[in-house]
Amino acid sequence: MELKNKKNRRDFLKNGALLTGGMLIASGMKPFSALVYATNHNEDAEHWYGMAIDIEKCIGCGNCAKACKIENDVPEEPFFFRTWVEQYTILNDGSKIITSENGGLNGASQDYTPDEIFKSFFVPKMCNHCTNSPCTQVCPVGATFESPEGVALVDSTYCIGCRYCVQACPYGCRYIHPKTKIADKCTLCYHRITNGQVPACQEVCPTNAKIFGDLNDRSSELVQFIKKHDWQILKPHMNTKPKVVYNALSGEVN
Amino acid sequence: MPKHIRRLLLLFAVLITLFIIVRQVLIPDSFGQFGHYRGLALEENKAHVARYVGTDICAECHWETMELKTADMHAEISCETCHGPGWKHIEEPEQGQLTIPEGREFCGTCHSRNPARSASLIAQVNLSDHNIETNCSECHNPHAPWN
């Protein structure tokens, strides 16, 4: 009886070691990582689209939000947005006030006098087109995917409107379309960028605060901008690896 | 092999074949073309018609206004920023779907004083005390504001 127990323990340890080692090896193998991660950075991709947003240049006019609604048939109600503008106001007492009246559609207003304000700035928000996008990861039917150019898109015929992606997006960039009842989001104006145009929000921006471009093209305006400025991404701790970067992003932004 | 096991194996074989056939029928042709999604979804996203046509197209007809505009502060601003999308106008120019914005409030969306706006980047006025009774366009030509 005692001998048998000893044999069992040895077997147990041996099997355990085999199992752990096997799992370790399997986790490093490529076909398995495809199962674990829904999105993968395609290193051989011809284009790898992204956008830079220059906070120093944004004047909060809201033309981007307005143009996006027209360009992409976003519902009119002021709580459906693919892109919107937030106004940050830091008061002298340190309190932080974030306003986005109608998503900045009709411009911005300031309730505080310059004497009360420590600093104030605008932050245009949009889909960050993450390299590790949580929305793609959580979709139970595979309706959200990343195009070969790195643009997070929705297959409208696959989406079942379960709202999981709306919950998963750390940047609040998704909504359920009230008519079609499926998930809708910024496509980086996929129909425009594949046709040699810039996204609608950039087209109408009066101060050139948005710069669309190809991250794989070192001569593109975007890469040159990234080269010359101290840029930041939103919520780096989420490990989403966004392709939308901000210049002069203040620490107060969340 | 016992009879009941053989039956079970046969049943499994039939079910698995059935599953493979049904799966083949259900999966769209373009699935997996580029990745784990329907390849045609890319084309469907591309098919959307662009509303904003770009300043170059405006300049083909409105070159006089363009010359005026490019010589002044508003040179870099797209026509469609103020006048709205031109996709219908370029098809049927007479329909006049574009807007000519009026009023102090409209200019104020960019030019009203706001501490969040960079003072060196954009000229700002206090709408509540800068020539209150006057429309902006009476003094400033919107295409050439300092002209």
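The values are calculated or read from the model by the stated rules, or taken from the named source; none is laboratory data. What you are looking at is a predicted structure, and each value in this text was computed from that prediction instead of being measured. Methodologically, a virtual Cβ is constructed for each residue, glycine included, from the backbone with ideal geometry; neighbour enumeration extends over all protein chains shown. Please note that ligands, DNA and RNA were not included when accessible areas were found on the heavy atoms of the full protein model with its side chains. Shrake-Rupley method; radii C 1.70, N 1.55, O 1.52, S 1.80 Å.
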- Message: What are the pairs with Cβ atoms under 6 angstrom where one residue, in region A:140-156, is closer than 15 Å to A:Leu215 by Cα and the other, located anywhere, is of a type in the set (Gly, Ala, Ser)? Sequence gap at least six, or different chains.
- Response: A:Pro148/A:Ala45
- Message: Please pick out the residue among B:Pro85, B:Pro101, B:Pro28 that is surrounded by 10 or more Cβ atoms within 10 Å (Cβ to Cβ), farther than 30 Å from A:Tyr88 by Cα and not aliphatic (A, V, I, L, M).
- Response: B:Pro28
- Task: Look through A:Thr83, A:Thr39 and report the one residue that is surrounded by 16 or more Cβ atoms within 10 Å (Cβ to Cβ), touching a strand residue (DSSP E or B) at 6+ places or on another chain (Cβ under 9 Å) and at pLDDT 90 or above.
- Result: A:Thr83
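Give the residues of region B:53-79 that are of a type in the set (S, T, N, Q) and either touching a residue at least 24 places away in the same chain (Cβ under 8 Å) or over 19 Å from A:Thr207 (Cα atoms) (or both), sorted by residue number. Step through it out loud before you land on a result.
Going residue by residue through region B:53-79, those that are of a type in the set (S, T, N, Q) are B:55, B:65, B:70, B:78.
Within region B:53-79, B:Thr55, B:Thr65, B:Ser78 meet the criteria.
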- Task: Hey, can you tell me all the residues within region A:48-101 that are assigned to a helix (DSSP H, G or I) and under 24 Å from B:Ala50 (Cα atoms)?
- Result: A:Asn63, A:Cys64, A:Ala65, A:Lys66, A:Ala67, A:Cys68, A:Lys69, A:Ile70, A:Glu71, A:Asn72
- Query: Looking at (1) free of Cβ contacts under 8 Å to residues at least 60 places away in the same chain; (2) under 23 Å from the mean Cα position of the chain (by Cα); (3) open to solvent by 10 Å² or more (accessible area, probe 1.4 Å), which is the one condition that is false for A:Ile117?
  - Reply: (2)
- Item | Residue among A:Asp111, A:Asp115, A:Asp184 that alone is among the charged types (D, E, K, R) and in a strand (DSSP E or B) | A:Asp184
- Item | Matching residues in region A:236-249 - criterion: being open to solvent by 20 Å² or more (accessible area, probe 1.4 Å) and either in a loop (DSSP other than H, G, I, E, B) or among the β-branched types (Val, Ile, Thr) (or both) | A:Asn239, A:Lys241, A:Ala248, A:Leu249
- Item | All positions within region B:47-77 that are surrounded by fewer than 15 Cβ atoms within 10 Å (Cβ to Cβ) and facing another protein chain (nearest Cβ under 9 Å) | B:Ala47, B:Val49, B:Glu76
- Query: Is it the case that some residue within region B:74-83 is assigned to a loop (DSSP other than H, G, I, E, B) and under 21 Å from A:Pro199 (Cβ atoms)?
  - Reply: yes
- Message: I'd like the residue in region B:111-134 that is more than 9 Å from chain A (Cβ to nearest Cβ) and among the β-branched types (Val, Ile, Thr) and, out of all such residues, is nearest to A:Val123 (Cα to Cα).
- Response: B:Val125
- Query: Tally time: how many residues in region A:140-197 are within 8 Å of chain B (Cβ to nearest Cβ), small (Gly, Ala, Ser) and within 20 Å of A:His47 (Cβ to Cβ)?
  - Reply: 1
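Listed here are the residues, each with its yes/no results for (1) exposed (fewer than 15 other Cβ atoms within 10 Å of the Cβ); (2) part of a loop (DSSP other than H, G, I, E, B); (3) away from chain B (no Cβ under 12 Å).
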residue: A:Gln202; (1), (2), (3): no, no, no
residue: A:Asn208; (1), (2), (3): yes, yes, no
residue: A:Phe212; (1), (2), (3): no, no, yes
residue: A:Asn216; (1), (2), (3): no, yes, yes
residue: A:Ser219; (1), (2), (3): yes, yes, yes
residue: A:Leu222; (1), (2), (3): no, no, yes
residue: A:Ile226; (1), (2), (3): no, no, yes
residue: A:Leu234; (1), (2), (3): no, yes, yes
